[in-house]
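Undergrad: Structure incoming, see below.
The values are calculated or read from the model by the stated rules, or taken from the named source; none is laboratory data. In this text the structure is predicted, and so the values were computed from the model without any measurement. Here the Cβ positions follow ideal geometry from the backbone for every residue, glycine too, while neighbour counts run over all protein chains shown.
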Amino acid sequence: GLLSALHKYIGANGSIVAYNKSFEENVLKQLALVFPDYEEWISSLMPRFIDLLTPFRNFCYYNPIQQGSASLKKVLPAVTGISYDGMSIAKGDDASLAYLEIAFGNIDDVKKEEIRRNLLDYCGLDTEAMALILGGLYKIIG
């Protein structure tokens, strides 16, 4: 399952970068309640989180492209010039609905595969965005 894979691939040391760490921590805490065998391991992850949202929420960096928002979808183009525009799935709400369609919708396998690929593209950019933003910040501070 998901927790087994995370446990396998997340090492015992090092930082865990998240965008809005409180959300990610809350999800992990909820998982620990449902899967108590992982509670100790999940608890050990919490102090390792670094929140990439912080410099944007605190206006340590701001670009008018953000339009007053510190969301990942606004920060990514502000720092890197890359955006979610043109993606089949371009927002978290759309991703959630797409997942529900795969899981519970009455759709054929071809459509399921198309949605799965679109979800992988969207989630992949969400993940890559954090690395790109971090790299962009390093360039800015020299």
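Undergrad: Taking helices (runs of 4 or more DSSP H) that fall entirely within region 30-134, which contain at least 1 residues that are in the same structural domain as A5 (by TED's automatic domain parsing) and among the small types (G, A, S)?
TA: Output list reads 39-45.
Undergrad: Return the pair list, or none, for Cβ contacts closer than 9 Å from residues in region 38-57 that are in contact (Cβ under 8 Å) with a residue 40 or more places away in the chain to residues that are part of a helix (DSSP H, G or I) and not aliphatic (A, V, I, L, M), at least 6 apart or on different chains.
TA: Note: pairs meeting the criteria are L52/K21.
Undergrad: Look through region 124-136, keep the residues that are surrounded by fewer than 13 Cβ atoms within 10 Å (Cβ to Cβ) and under 14 Å from K91 (Cα atoms), and return whichever of them is farthest from the chain's Cα centre (by Cα).
TA: G124
Undergrad: I would also like to ask the following. So if I check each of M46, M87, which one is modelled with pLDDT of 95 or more and under 25 Å from S4 (Cα atoms)? Write out each step before concluding.
TA: On the way: M87 fails: under 25 Å from S4 (Cα atoms).
Every option except M46 fails the conditions.
Undergrad: Out of curiosity, is A12 assigned to a helix (DSSP H, G or I) and either loosely packed, with under 14 Cβ neighbours inside 10 Å or free of Cβ contacts under 8 Å to residues at least 12 places away in the same chain (or both)?
TA: It is false that A12 is assigned to a helix (DSSP H, G or I) and either loosely packed, with under 14 Cβ neighbours inside 10 Å or free of Cβ contacts under 8 Å to residues at least 12 places away in the same chain (or both).
Undergrad: Additional query: Any residue in region 33-43 that is within 18 Å of L134 (Cβ to Cβ) and over 13 Å from the mean Cα position of the chain (by Cα)?
TA: Taking region 33-43 as the starting set, the residues that turn out to be within 18 Å of L134 (Cβ to Cβ) are none.
Checked against the condition, which is being within 18 Å of L134 (Cβ to Cβ) and over 13 Å from the mean Cα position of the chain (by Cα), region 33-43 yields no hits at all.
Undergrad: Kindly indicate which of N20, N118, N63 is of a type in the set (S, T, N, Q), under 23 Å from G135 (Cα atoms), out of contact with any Leu (no Cβ under 6 Å at 6 or more places or on another chain) and modelled with pLDDT of 95 or more. Full working, then the answer.
TA: Working: N20 fails: out of contact with any Leu (no Cβ under 6 Å at 6 or more places or on another chain); N118 fails: under 23 Å from G135 (Cα atoms).
Criteria check complete, one pass: N63.
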